[in-house]
Structure formats: structure tokens, C-alpha cells
């Protein structure tokens, strides 16, 4: 029987977990229980307005918690608590926004809603701690784990081995690995030696190893050029009633906002994609336009004073314009306050600003040190060319220069450029004297793209207040 795309069962299936289902149900009961108790205590009766609120709360809870993978990860308790806090806060932010947009906020007691937020979170957190302890005790009852074998080697194979070993709920014990071909890299470092993944042999020894170690589960960890190994071995394992898992080793590539999804039931592994798709793009635009408009209203007097000071200090235009590359490599004109004397590039080369640069004017030194020269980019944000937060756009000449030395340099164009960014708040701003400094900046930019969220933007904007002044601002 041949595979028919779009058949009754989708190829890409999310593996269910009884414990996760129970945990989700307990969270829902806890939220509803705490809410009902507080409503009864404060009001004495469950009004229609609060019924609607509770229905929205439970519905949005399911969607938001799924987005944050609350029930699909086995992180440490501290990390799990932080994720729970973010997801719970995002849920309440949605409820508050809905209340204001529908002009129904006056129907609800702010004190009551605040208490539901606080007590609801701690009720869920306690249940997660209790469930975790119950799982540990149940896992301790398991007298024997099933033996598993990894086909492949390298860092991903060792990482998988550690994660299986550290997770008692999986119920598996990795006995070792099988090399796909002679001379394969084990991917071990000195710190890994205490937890070294034993090499049991090669592909030719597979049948004997499965019988000798009573293997019940196999993990294929294959590089991109060794996928044919799966096809040649898979049906042999199937005949032996062994569970087969495939972990494609794609991590040698620079992954940009990678994900797994399906198209008509066909699994699609996305290696590179902008995070600004669909509703996320819409929310980023709303954030930018709203905050940029508010910022312009607040700093309008400052803009006027800086413009006057520049005009009085030196001859030339108030603003400096330069072409930069933005999202998807599109070229746009960036706006800044002019901080240097009017000059032309030497032999067509744009020279970066340096410490004690003689081209910088007196007013220019001040506005560069305080980053006031960047304020006109708020207009770029309103025009849609830039975002408040994102990778800083470089001069086109510097893009060409650094892309020759940094393989994944242009990956930073997978999102809108920003006035501030993760690299800047980490101190990677100003002149880049050597390639390593630019590599660190690019690493931070790609980290931002891979982890983008409105919350991350908010944190970076807060950190920008202190990061955009000081010794690196010149």
C-alpha cells in the first residue's frame, strides 16, 4: 500500500500525554475554583458579566498555554514557573485588552480581577509542583527501563543521550550508539567524558547489538548527507517490532526561527523563516506605530531643540540621510540628526565613526553620546521601514564587507531593523574594530530573531534607557 498525502491520519501527530492532560485539567479547575470563590466572597453572586469573563479566561488560557508549550516541555521547575508566569500574564493582558476594546471594563472589580491574577497563578504553580513530585514517585516505582540505541554520533547524539538519561519519565536507558560510517565525529568535549556515549559498533553490527542488548527503541540521529541510512535500516527494525524515531541533525546549519508544521498532513521542517508572520506581524506593527507615535509626542520639544542647536553649531542640513538595507534586504533611507561636519566618503568608502573622531561637531558629540541623534528614526518606524526593536541597519558598504567574512550575516535581515536591539543593550554598538565584535553583534541579532516576542521587545526597550549612553556611544 502506498502513501497517499492527505489521507485519513495526518503524518504529523502530536504525542499525547496522560499526565499533561491531567495537569491541564487541574489548571482549569484551579483557575475556575479560585475565580468562583473570589467572586462569591466579593459579590455573592455569579453575574453574566463574570460568566463571560470566565469563559474567555478558560478559552484564552488553552490557546496561550499551548503557544508557550506549558504542557509539552520537561524544563526545570524554575524555568517552568517562569514560563507559567509569562503565559498567565499574557492571558490576562488579552482579557484586559478585550475589556477595554469592548468598553466593558467598568463592569468588573479591579481588586477582584487582580486577586484572581495573583491567586490563580500561585494555585497553578502549587499544582505543577505537586504533579511533578507525583511523577517522580511514580517513576521511582518503575523497576526496569527499556533499552534504547542511537544510530549516529556527534553533538546532537550526545545531547539526546543526556536528555533521555536526565528524564526519568521517558522510561528509557540509552546503552550506546552505532556509527553510521568509520571515522564519524563523536562530538565529545572534555566536560562530557563522565557521561560519554559508548560506541558499540557500526551499522553492520546492528542486528547483533539489538539482540544482545534487548533494544526496544532506536533513535536515528543522521546528518543531512546520510538520510539514506534510514531507508536501508528502517524495515529491518520494523520486522523486529522496534520503535523507530528520527532526529534529523540539522543543527550544523544556522537555523533562523526554525519550527515544525504540517501542510495537508505532510510534516514540514522550517529551517529559516521570519518570525513576523500572520498575527505576529500585525502585533509588531501595532506595537511600533503606537509606541512611536507616543514617543514622538513626548520628545517633540527635544527634537526642536536639537534641530536648532545643530543649525547654530555648524553649516549644513539638520538631518543626515543614508541608504540602508532592511527587512528582506529592501533598501530604505534612514534618518538621523547630523552629528558631523558635511563631508564626502573618501574614495567612495564610508568610514565608521570612531572615538574622538575629528568629523564630529560639538553638538554632534553630545547627541551621539546621549543617542539623541537616533530620534528621527521614529519617523522611519511610522513609515514602516524600521521597528523600535530589531537588528541595527548598517551602511550598505559595511553589509557587503561583513557578509564576505560572516557566512550567516544576512540572516539578520529576516526581521525589520530597529532603533535599538539585543546587541545594542549588550554593549555591541558603536565602532567595530575587529571581526569578532561584528560576529558577536550578529550572534545577538540572530538570537533576537529566534526568540522574538512582544515581551522581549518590552525588556529591550527598558534596558535601552541605560544602554544607549556611556562609553560605547560616540
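At-a-glance table
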| read-out | value |
| --- | --- |
| Between the range 226-264 and the range 101-132, the Cα center-to-center distance that results, in Å | 42 Å |
| For q = 0.16 Å⁻¹, Debye-computed log10 I/I(0) when each Cα of the range 68-120 counts as one equal scatterer | -0.57 |
| Where labels lie 7 Å past Cα in the beta-carbon direction, separation of residue 159 and residue 252 in nm | 1.4 nm |
| Where labels lie 7 Å past Cα in the beta-carbon direction, separation of residue 42 and residue 383 in nm | 4.8 nm |
| nm² value of the averaged projected area, convex hull over the Cα atoms of the range 18-140 | 7.6 nm² |
| Potential lengthening between residue 134 and residue 105 on full extension [0.36 nm per residue; Cα-Cα distance subtracted] | 6.4 nm |
| Difference of contour (0.36 nm per residue) and Cα-Cα distance, residue 298 to residue 285 | 2.7 nm |
| For 250, 419, order by how many other beta-carbon atoms lie within 10 Å, fewest first | 250, 419 |
| FRET E, pair residue 270, residue 212, Förster distance 45 Å, beta-carbon r, rounded to 0.05 | 0.70 |
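Any read-out appearing in this document is the output of simple, stated calculations on the displayed coordinates, not a laboratory observation. None of the values given here were measured: they were computed from a predicted structure. With ideal geometry, Cβ positions are generated from the backbone for all residues, glycine too; neighbour counts draw on all protein chains shown.
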